[in-house]
Structures are given as C-alpha cells and as structure tokens.
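To start, the structure under review is shown below, and the notes come after it.
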C-alpha cells in the first residue's frame, strides 16, 4: 500500500517502534503480564500530565475511542445531579447529545463554532442555576480553538461543581494542569497527539472522585467508570477483554514522549505548527481563528475563492498527503492541517510545496485572474530546498 502523510488531527503516522510493539507476543489479559502492562501505562499517563501529587490521581484505560471515554465520564460522574455542557463546536455538541441520553437534567451554554466562551455569561448562569458538573472540550477540532481551562475550573470550584474535560485531541500537544485547573476527570485518546493507533482511550481523575462513583446508579454496563476503577485498584486489570496489542503500542507511545520529555514534545509540536503556519501565510492563505486561540496541533485554513475543498483534497492525495475538510457550518469553507504524529521538517516542506502547486493548478483551472500566492516561480524547486524560509531542516 502507498504510504500516506497524515496531516490530520488523528489518526496519525506512528513511530516505527510502535509497529514493533503492536506485534509483541500474545499474552492473556487475566495474567500478571497484563497486570504489569496496565500498571506501567497508568504511571506513564500520570507522568504525561506531570501530576505532582501522584497518589491523589488514577487513570483507567478503555478499549474504545475518545468518544467512549467521554461517554464513560458523562454516564458515570453526574449521578442524579445537574450537568452544564459548554459548547462552541462539533465536539461540545457531541458532549451535549451524549449527556442528554444519560442525564435528564442537562443544561447547555452554546456559542457559535470557533468563538471563545464569555466567562461572565457562564458565571451568571452558575449563579442562577444549581449545577453539579461542568463539562467542556479543551481543543475543538472543528475550528482548532483551544478553550481555556483555568478560568472555567476556577468558576466550577467557586460554585461547588465538578469540572470534567474532553482532552481527546489536546493531550500530548498541550499542557493540562489538572491540579491548578481544578479538573476532576479528563479524557483522552491514543490516536491523536499521543501518537499511537486508534482504539484506546483513557480517563484520568482524582482518586477521591473515583471512589465516589460507586454511590451512583450505573447508567452503562461497558462504560461504567466505577467498574473500571474497581478492577484497576483491586486486580490491575480491565473489566472487559481489552485490545491487548493496542495497549503495547500505547505504552510505547507514552515511553517515546517521556523519553523526549513532555515539555520538549510540546515544544516540538508548537515548532511544527509555526513552520506550517509560516509557510501557509506565505501562500497568502488566511486562518479561521487568531493564532493565539489555536491549539498547537492543528490549523484551520480558509479556502481561497474558486477552490473546491474536495478537489484540493484529491490533488494532495495524489501526492500521498491527507488533510481534513471542514464540517458543519464550516463545510466547503475551510480545510484543516494537523502537525502531530511522525512528521519531519522535510515532510513539512514537502507538504507546503505540494499545497502550493495544487493551489496554483486549481486557480488556473478556475480561470482566476489573480493567483493569490507569492513567489510562484519557486514552487518546483526540489523538496530538499528550504524555499519557504522555514527553520533550517535538521540533517
């Protein structure tokens, strides 16, 4: 099969040692081999979050996507209380729909996709309504917006509410301080900035909050966090048959991050985003939101006039490059470029050259009178040339 360069927010191109890890010899999930593997993964997750008081937090791993982890939180944590969903995008909407299934007393504060939340509106709502749990998405991939956690966590604490966070597409790329942001539970996925294969997710939370879950009536059999916590703490196992090979790969991905250093990994992803954005600005492309509001893992780009997103995707696919198209209200108006997973500096230059050529070709095909791209005479230089004045390519 052709090797594709996945410039997406996930899944991603994985490291070679993950391909080896997923092929390790078979083990039984009810034997000490798996017990040790799960313990290792949990400790590495705590290290990824740079938890200072490690004895106050636990992490359970679920065989299922990030949506499974989010549903586990929303079906397990709320109990009979009131939950407030903060939504400014597709995945906030998904949290809301999921919560409505499990929690009749679900409230919603919704703002347009790609717009930041007004903290004053949230605080006013909390004053007027008794809210037990607040849930929000950290990185809204529909727009690339990175929502701020610290202020919302402070509001939750002031008003006596638990704060739970969908960190599916941010963990591994952005720091999340569960302690200072007053986060009770946070979800994430194996297949995005953590850099492993799809199919696993996890929920990290405060142990005292995990312990309280047993007093809530179970709303799900498979996704009951109280059951995951009981199996973890009493047996170092999962309640259901896990996808063992994916656990091997996840452990290797976490090892890779910790070997590089969490802070260094975040810096690497930010640098890649800077290089991509600098190159796309040189192509006169505009971004959907201000760069200061973006997650470092993803850039959402406005589509130039006369360009069809599906056709642009097809042209880039011919160069073995995969990007995302916009969804919902952004469909046909934007495309998205991720910079997580195994991406090199040379891959970034290759992507920018391919994007430049595709845009020029499509603008010419569309009979545009002006090609909104600078330095078009440089587009066909060899990929080893740093023609867009990016940072020097590592040898």
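The values are calculated or read from the model by the stated rules, or taken from the named source; none is laboratory data. The model shown is predicted, which means the values in this text are computed figures rather than measured ones. For neighbour counting, all protein chains shown are included, and Cβ atoms are generated from backbone atoms with ideal geometry for every residue, glycine included.
Among the residues of the range 157-172, how many are surrounded by 18 or more Cβ atoms within 10 Å (Cβ to Cβ), more than 13 Å from the chain's Cα centre (by Cα) and in a loop (DSSP other than H, G, I, E, B)? Result for the range 157-172: 2.
Just to verify a result, which residue in the range 287-304, among those that are out of contact with any helix residue (DSSP H, G or I) (no Cβ under 9 Å at 6 or more places or on another chain) and in a loop (DSSP other than H, G, I, E, B), is farthest from residue 113 (Cα to Cα)?
Let us first name the residues in the range 287-304 that are out of contact with any helix residue (DSSP H, G or I) (no Cβ under 9 Å at 6 or more places or on another chain), namely 289-290, 292-293, 302.
If we keep only those that are in a loop (DSSP other than H, G, I, E, B) too, we end up with 289-290.
Working: 289: 10, 290: 14 Å.
Here the residue is 290.
Being touching a strand residue (DSSP E or B) at 6+ places or on another chain (Cβ under 7 Å) and in the same structural domain as residue 164 (by TED's automatic domain parsing) is a property that holds for residue 201.
Screening 3, 97, 52 for residues that are modelled with pLDDT under 95 and either under 23 Å from residue 258 (Cβ atoms) or part of a helix (DSSP H, G or I) (or both) leaves exactly one candidate, 52.
Among the residues of the range 244-251, is there at least one that is in contact with a strand residue (DSSP E or B) (Cβ under 8 Å, 6 or more places away or on another chain), in the same structural domain as residue 61 (by TED's automatic domain parsing) and closer than 25 Å to residue 146 by Cβ? Yes, that holds for at least one residue.
Each residue in the range 113-156 was checked for being within 18 Å of residue 176 (Cα to Cα), touching a strand residue (DSSP E or B) at 6+ places or on another chain (Cβ under 7 Å) and assigned to a helix (DSSP H, G or I), and 3 of them qualify. Residues in the range 48-55: is at least one within 15 Å of residue 255 (Cβ to Cβ), assigned by TED's automatic domain parsing to the domain that holds residue 187, free of Cβ contacts under 8 Å to residues at least 12 places away in the same chain and within 22 Å of the chain's Cα centre (by Cα)? Among the residues of the range 48-55, not one is within 15 Å of residue 255 (Cβ to Cβ), assigned by TED's automatic domain parsing to the domain that holds residue 187, free of Cβ contacts under 8 Å to residues at least 12 places away in the same chain and within 22 Å of the chain's Cα centre (by Cα), which makes the answer no.
For every residue, the table says whether it meets (1) free of Cβ contacts under 8 Å to residues at least 40 places away in the same chain; (2) under 21 Å from residue 11 (Cβ atoms); (3) crowded, with 18+ Cβ neighbours inside 10 Å; (4) out of contact with any strand residue (DSSP E or B) (no Cβ under 9 Å at 6 or more places or on another chain).
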residue: 293; (1), (2), (3), (4): no, no, no, no
residue: 300; (1), (2), (3), (4): no, yes, yes, no
residue: 338; (1), (2), (3), (4): no, yes, yes, no
residue: 356; (1), (2), (3), (4): no, no, yes, yes
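Does residue 44 fit the bill of being touching a helix residue (DSSP H, G or I) at 6+ places or on another chain (Cβ under 6 Å) and in contact (Cβ under 8 Å) with a residue 60 or more places away in the chain? Considered against the rule, which asks whether it is touching a helix residue (DSSP H, G or I) at 6+ places or on another chain (Cβ under 6 Å) and in contact (Cβ under 8 Å) with a residue 60 or more places away in the chain, residue 44 comes out as yes. For residue 66, the conditions (1) under 17 Å from the mean Cα position of the chain (by Cα); (2) surrounded by fewer than 21 Cβ atoms within 10 Å (Cβ to Cβ) all hold with the exception of (2). Residue 25 meets the conditions (1) over 23 Å from the mean Cα position of the chain (by Cα); (2) closer than 22 Å to residue 222 by Cα in every case but one. The failed one is (2). Among the residues of the range 210-257, those that are under 27 Å from residue 78 (Cβ atoms), under 24 Å from the mean Cα position of the chain (by Cα) and part of a helix (DSSP H, G or I) comprise 210, 225, 228, 229.
Remark: pairs (first residue in the range 92-108, at negative phi and outside the structural domain of residue 143 (by TED's automatic domain parsing); second residue part of a helix (DSSP H, G or I) and at pLDDT 95 or above; Cβ separation under 8 Å; 6+ apart in sequence or on different chains) are absent.
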